[in-house]
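Notes follow the structure.
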Amino acid sequence: MKFSVIPEPLQMETGAEPLFTLTRLCEIECDSAGEKAKKNLLKFLGDAFSMEVLGTGRERVVLRLSEEAMPDEGYRLTVRDHEAVIVGGTERGIFYGVQTLKQLLLQGELSLPRIRIEDSPRFPYRGFMLDCARYFFTKEAVFVFLEMMAMHKLNKLHLHLSDDQGFRVMLEDNILLTEIGSYRSHTNFGKVPHSGFYTKQDIREIVAFAQERCIDIIPEIDSPGHSVSMIAAYPQLSCFDRELTVATGWGIKHDVLCVGKESTYDFIFSVFDELMELFPGELIHLGGDEVPTMRWELCPHCRKKKEEMGLQSFADLHTYYLGRVAAHIESRGRKAVMWNDRPKEKNVSKSVVWQLWNSEMSHEEAVAEMNSGRDFIISCSDAYYLDLPYALTDLQTCYEFEPAFEGIREPSRLMGAECCLWGEYVPTMAKAGYCTYPRLGAFAERVWSAAEKKDYTHFCGKLENYYAMLDCFGIDYAKMSRAMPGALSRMGGRLYWERRKLHWGGLHNLIDDFTVKNKYTIKEKKQ
Ligand code: ACM
Ligand code: ZN
């Protein structure tokens, strides 16, 4: 048996002959910092081996804090005669040592040779984003993602909780957001209605499940764009009090929140206040991406706000809105994160973290922005958007992409990276698994493993063990023939992807823009 770990540890040595077997008689000893790790290990032994550990024998697993200095999330795993010992820099380090041990126990069917591993992460922010707005993923499905994130040593789950196609967290102060906004009459996959949202109890359970796995949750409410589900619930949030239904198809919608009315700010502040009661983590995501300004250009409230604030353009009005929402989040002691579309958004306070996702901002511009004091999370879409077909972003592309740019003066400004599973084409867990794995393994090697450990051939050699691990957990994935498609399937995959543009090819938006423009310009003239 060839033992291997994904993400690749900093140093790993293994012997050949088994000298330690974890049986139900094994003692699992831990100090208080090792409690989480022990609980996770016991659950794993139950799930994967139907084993309940009794702890009366000679073999033992020891989980404890290191006595000497060690990186926070670092650990050392030593397997020798009769014992496996994990020491960590903090409880998180011990927890990651156990994640490594779990992979090895699966490979050795509970028997291990002499092993010595020294390990610690490259970046502090190692994220995965789940879009539960397009399609709702149940609480149980989120648990599955969290368990797999832990196995990959990822520590930030970003939940994209709202979009044009759905609002997914119950907020009592604005209850119609879920009563109306969580339901759409049909989706891109046929004429069946789709709905679902998390209750407060669900969120509490998700947060607790994540905390037990050393994962912070970053909740996102996306505005002022991507907000049709909110407008469907409360039409007064839009520029012309338009009565819309929750979006059924995809693409950038032209109806966005009216940022001229003060009542919109009251609304969004109350949404974030209630959200922050539910999610205790430091980072709160305010969205902010893809905001067309054509409604604002016609709207008397937005025009007036632009004048009053002395803003040059409607793009500046976008920045003004983001700045106010971010300041509100910060006034509650949290840190705001936003998608970054363009260098124009520079005027947003430096304390707001930018999630870099598209190519409108070059890497040089991002570095200049980091050097002027802003923190970044890297989610470049061509490598880290897991919904893209393998025909566009194959496994190797995802593996090879470097989430690090030249010329950053303070390296800690680059917090790390996040890969994103957008939901537009992901209606089921089977599809989610297919899109996510094995790319999540490749991504984990970029954010956890040291840069000099990058070796795609070596990574491919570990996939047999990796796939066996996914099989053990009943997780769907793309086999290598799909993850690295041949020329013909690449072409087919690209065509299938481009086809989606036909759904929202702009015709509907064009007609709608024309109607709005005529309706409101004519009304204005009559007055
Ligand atoms: C995004 O992909 N619109 C953040
Ligand atoms: Zn307006």
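The values are calculated or read from the model by the stated rules, or taken from the named source; none is laboratory data. Since the model is a prediction, treat every value here as computed from it, not as a measurement. Here Cβ is always computed from backbone atoms with ideal geometry, including for glycine, and neighbour counts include all displayed protein chains. Note: areas computed on protein heavy atoms with side chains; ligands, DNA, RNA excluded. Shrake-Rupley method; radii C 1.70, N 1.55, O 1.52, S 1.80 Å.
Some observations on this one:
- At most 16 other Cβ within 10 Å, DSSP loop - chymotrypsin sites (Phe, Trp or Tyr not before Pro), the stretch 334-437: 405
- Shape call, the stretch 169-308: gyration tensor on alpha carbons, a/c limit 1.5: oblate
- C-alpha center-to-center spacing [the stretch 141-159, the stretch 308-374] in angstrom: 28 Å
- Computed [θ] at 222 nm, deg cm²/dmol, the chain (DSSP H ≥ 4; -39,500 (n - 2.57); rounded to nearest 500): -12000 deg cm²/dmol
- Near residue 372: Cβ cut-off under 12 Å, other residues only, Lys/Arg at +1 and Asp/Glu at -1. The net charge is +1.
- When the surface is traced with a 1.4 Å probe over the full set of protein chains, residue 30 keeps roughly 40 Å² accessible.
- Whole-angstrom gap from the stretch 52-105 to the stretch 236-291, using each part's C-alpha centre: 45 Å
- In Hz, Karplus ³J(HN,Hα) per residue of the stretch 89-99 (6.51, -1.76, 1.60; θ = phi - 60°; x = Gly, Pro): x, 9, 4, 5, x, 4, 4, 6, x, 5, 5
- Beta bridges by DSSP in the stretch 22-142, antiparallel share as percent, to the nearest 5: 50 percent
- Each label point was placed 7 Å from the Cα along the Cα-to-Cβ direction; for residue 48 and residue 236 their separation is 5.5 nm.
- Rg/Rh (Cα only; Kirkwood hydrodynamic radius) as it applies to the chain: 1.00
- Other residues whose C-beta falls under 11 angstrom from the C-beta of residue 429 contribute a net charge of -1, scoring Lys and Arg +1 and Asp and Glu -1.
- Cα gyration tensor shape of the stretch 227-341, rounded if a/c is under 1.5, else prolate or oblate by comparing a/b with b/c: oblate
- Members of 253/304; 350/517; 102/453; 102/479; 153/454 lying beyond 28 Å, as alpha-carbon distances in this model show: 350/517
- Near the amide H of residue 167, within less than 5 Å, lie the amide hydrogens of 182, 183, all on another chain or at least 5 residues away, with H placed in the peptide plane.
- Environment charge of residue 81, counting only residues whose C-beta is closer than 14 Å and scoring Lys/Arg +1, Asp/Glu -1: +2
- Among 321, 467, the order of accessible area from largest down is 467, 321, computed with a 1.4 Å probe on protein heavy atoms.
- Note, ³J(HN,Hα) from phi for the stretch 140-151, Karplus 6.51, -1.76, 1.60, rounded to Hz, x at Gly and Pro: 5, 5, 5, 4, 4, 4, 5, 4, 6, 4, 4, 4
- Summarising the strand pairing of the chain, around 35 percent of its internal DSSP beta bridges are antiparallel.
- The 3J(HN,Hα) values that the Karplus relation (6.51, -1.76, 1.60; θ = phi - 60°) gives for the stretch 2-7 are, in residue order, 9, 7, 8, 9, 10, x Hz. Gly and Pro appear as x.
- Label point distance in nm, residue 409-residue 201, each placed 7 Å from Cα along Cα→Cβ: 5.4 nm
- For the chain: accessible area per residue (Å², 1.4 Å): 40 Å²
- For the stretch 329-437, the Rg and Dmax computed from alpha carbons only, in angstrom: 15.3, 44
- For the chain, the fraction of 1.4 Å probe accessible surface lying on carbon and sulfur atoms is 53 percent.
- The radius of gyration of the Cα set in the stretch 99-199, together with its Dmax, comes out at 19.3, 59 angstrom.
- Peptides 174-181, 302-309 ranked from most to least packed, by the mean per-residue count of other Cβ atoms within 10 Å: 174-181, 302-309.
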